[in-house]
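Student: Encoded as structure tokens, here's the structure I'll be asking about.
Every number here is computed from the coordinates shown, using simple stated rules; none is lab data. These figures come from a predicted structure and were not determined experimentally. We place every Cβ from the backbone using ideal geometry, glycine too, and count neighbours over all the protein chains shown.
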Amino acid sequence: MSVFDSKTDGSGFHKSLIPFEEDASQRSWLMPYLIKQGRSPGRKITIIAAIHGDELNGVRILHELAAALEPIDLAGSLCLVPVANLMGYANHSRYLPDRRDLNRMFPGLKDGSEGARLAHFLWTHFIAQADVVLDLHSGSYNRWNFPHLRGNMKDEAMRAWASRIEGQVILTSSGVAGSLRKEAGKIGKPVFLIEAGETGRFEKKILQMGLTLLVRILESTETIGKEDAADLIRNYAGNTDRAPHAPGYYRKAVWQRATCAGLFMPAVSPGDRVEAGQPLGHITDLFGERRAEILSEQTGFVLGMHLHPQVVPGRALFHIAYEFKELH
Ligand SMILES: [Zn+2]
């Protein structure tokens, strides 16, 4: 049964737990979700976080979103799934206990492996009936991502929504096989992926930017009105003191990698614009002497950065988005 069919009382979020499968001590895992039915008709939207169990920013952003939306009337219905990968979350791990990646197992299989069962459970309850899905992530492996949106801008509906999302950084991509984004996209279901910050750390500014992104998308999908969205951003999301990005999206992104081993000192940060040939940082040896300059291969926007100073040849240092295309 889809959670969208559940009857809710009152106008706020209805909070519930659904049992599925058991852990090794034969206790049921309990999947938390929150659902709010609007008074007027509209889209069914699911926002899912922590498909990677250690990416916690999305969990916190959903808690803040639920508090912010509590008194607001919605069109359609909104389902929030704060911790999709409960097992990974319990282990402080990106992965499932069998070391598989849940985000390579969609749409899942009822009688499949443990991960395939979880993917199938999530798909059946929260994804299959939704009109739009938002999937919240953070940078992994010591990576820090500037809050941005990823979605398939070849999809007309997604492009139309994206063009109404004010001032956000967007990278077009359709995801890899088995990911929620790719598999939902195959059946014509739009999924926006939101990247924000890093694992294992809450930063107020990043959470505010992530929340602003969600509010903008909900405004764009006509789930909340323009005035409510403006109020929410003013009251909850706060001023993130950054000039809005021009409306459009990046067609490509590249990882710039360490050319040698040593200690990496960055010269730019996620959120910065860079020119081709501009120094992104340098790598020193154990005497502190410079071994290599890392120069930007592209003119573009820094989406993400490697955080740990110790690097080896090939380590991904900066994720640079480029080939900007305007959206009208
Ligand atoms: Zn992730």
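Student: What would the Debye equation give as log₁₀ I(q)/I(0) for region 177-328 at q = 0.13, 0.14, 0.15, 0.21 Å⁻¹, counting only Cα atoms as equal point scatterers?
Tutor: Here the Debye-derived log intensity ratios amount to -0.78, -0.88, -0.97, -1.35.
Student: Count the DSSP beta bridges whose two residues both fall in the chain, then state the antiparallel fraction as a percent rounded to the nearest 5.
Tutor: Expressed as a percentage, antiparallel bridges in the chain total about 70.
Student: Could you sort the peptides 256-265, 307-316, 20-29 by per-residue average Cβ neighbour count (10 Å cutoff), highest mean leading?
Tutor: Highest to lowest by the protection proxy: 256-265, 307-316, 20-29.
Student: Output the antiparallel fraction of DSSP beta bridges having both residues in region 104-203, as a percent to the nearest 5.
Tutor: 35
Student: At 0.36 nm per residue, minus the direct Cα-Cα distance, what do GLU323 and GLU21 gain on full extension? Give it in nm, one decimal, please.
Tutor: That works out to 104.2 nm of additional length.
Student: Now for a different question. Around SER296, with a cut-off of 11 angstrom between Cβ atoms, what is the net charge of the other residues, counting Lys and Arg +1 and Asp and Glu -1?
Tutor: -3
Student: Using a/c under 1.5 as the rounded threshold, could you call region 79-137 rounded, prolate or oblate? The axes a ≥ b ≥ c are square roots of the C-alpha gyration tensor eigenvalues, and prolate needs a/b larger than b/c, oblate otherwise.
Tutor: Verdict is oblate for region 79-137.
Student: For region 237-328, with only Lys/Arg (+1) and Asp/Glu (-1) charged at the beta-carbon, what is the dipole magnitude about the Cα centre, in debye rounded to 20?
Tutor: It comes to approximately 220 debye.
Student: Can you give me the span-like helices of the chain, meaning DSSP H runs with 20 Å or more of Cα extent along the axis and Kyte-Doolittle mean at or above 0.5?
Tutor: For the chain, where a helix must reach 20 Å along its axis and average at least 0.5, the hits are 204-220.
Student: Which of the pairs LYS226/LYS252; LYS110/LYS182; LYS189/LYS252; LYS44/LYS205; LYS189/LYS325; LYS182/LYS205 have their Cα atoms more than 26 Å apart in this structure?
Tutor: LYS226/LYS252; LYS44/LYS205; LYS182/LYS205
Student: Continuing with this model, one more query. On full extension of the chain, what length is gained from ARG99 through HIS308, given 0.36 nm per residue of separation minus the C-alpha to C-alpha distance?
Tutor: 72.9 nm
Student: How about region 93-146: which chymotrypsin sites (Phe, Trp or Tyr not before Pro) there are in a DSSP loop, with at most 13 other Cβ atoms within 10 Å of their Cβ? Working shown, then result.
Tutor: Values: sites: TYR95, PHE121, TRP123, PHE126, TYR141, TRP144; in loops: TYR95, TYR141.
Qualifying residues, ordered by number: TYR141.
Student: What net charge do the residues around VAL254 carry, taking every other residue with its C-beta under 11 Å from that of VAL254, with Lys and Arg at +1 and Asp and Glu at -1? Walk me through the numbers on the way to the answer.
Tutor: On the way: positive: LYS252, ARG257; negative: GLU297, GLU323.
With Lys, Arg at +1 and Asp, Glu at -1, the net is 0.
Student: Taking the Cβ of GLY115 as the centre, find all other residues whose Cβ is under 12 Å away and add up their charges (Lys, Arg: +1; Asp, Glu: -1).
Tutor: 0
Student: Which log10 I(q)/I(0) values, to two decimals, does region 252-328 give at q = 0.15, 0.18, 0.21 Å⁻¹ under the Debye formula with one point per Cα?
Tutor: The computed values of log10 I(q)/I(0) come out as -0.47, -0.65, -0.84.
Student: Here's something else I'd like to know. Could you pull out every residue, at least 5 positions away or on a different chain, whose amide H is within less than 5 Å of the one on VAL274? Hs are placed 1.01 Å off N in the peptide plane, and Pro or chain starts have none.
Tutor: HN-HN under 5 Å from VAL274: GLY300, PHE301, VAL302.
Student: Cα-based Rg (one decimal) and Dmax (whole number) for the chain, in Å?
Tutor: Cα-based Rg and Dmax for the chain come out at 20.2, 66 Å.
Student: In addition: Restricting to bridges with both residues inside region 155-305, how much of the DSSP beta-bridge set is antiparallel, in percent to the nearest 5?
Tutor: DSSP beta bridges in region 155-305 are roughly 90 percent antiparallel.
Student: With an 8 Å cut-off on Cα pairs and a minimum separation of 6 or more residues, tell me the relative contact order of region 3-245 in percent.
Tutor: 20
Student: Right, next: State whether region 1-70 is rounded, prolate or oblate according to the following rule on the C-alpha gyration tensor (a ≥ b ≥ c being the square roots of its eigenvalues): a/c under 1.5 gives rounded; otherwise a/b larger than b/c gives prolate, and the remaining case gives oblate. Spell out each step's value before the answer.
Tutor: On the way: a/c = 2.29, a/b = 1.42, b/c = 1.61.
Here region 1-70 falls in the oblate category.
Student: Rank the residues THR221, THR8 as a footprinting-exposure proxy: fewest other Cβ atoms within 10 Å of their Cβ go first.
Tutor: The order, fewest Cβ neighbours first, is THR8, THR221.
Student: Packing-wise, with mean Cβ within 10 Å as the measure, how do 193-206, 100-113 rank, highest first? List each step's numbers first, then the result.
Tutor: Numbers: 193-206: 19.3, 100-113: 17.7.
So the order, starting with the most tightly packed, is 193-206, 100-113.
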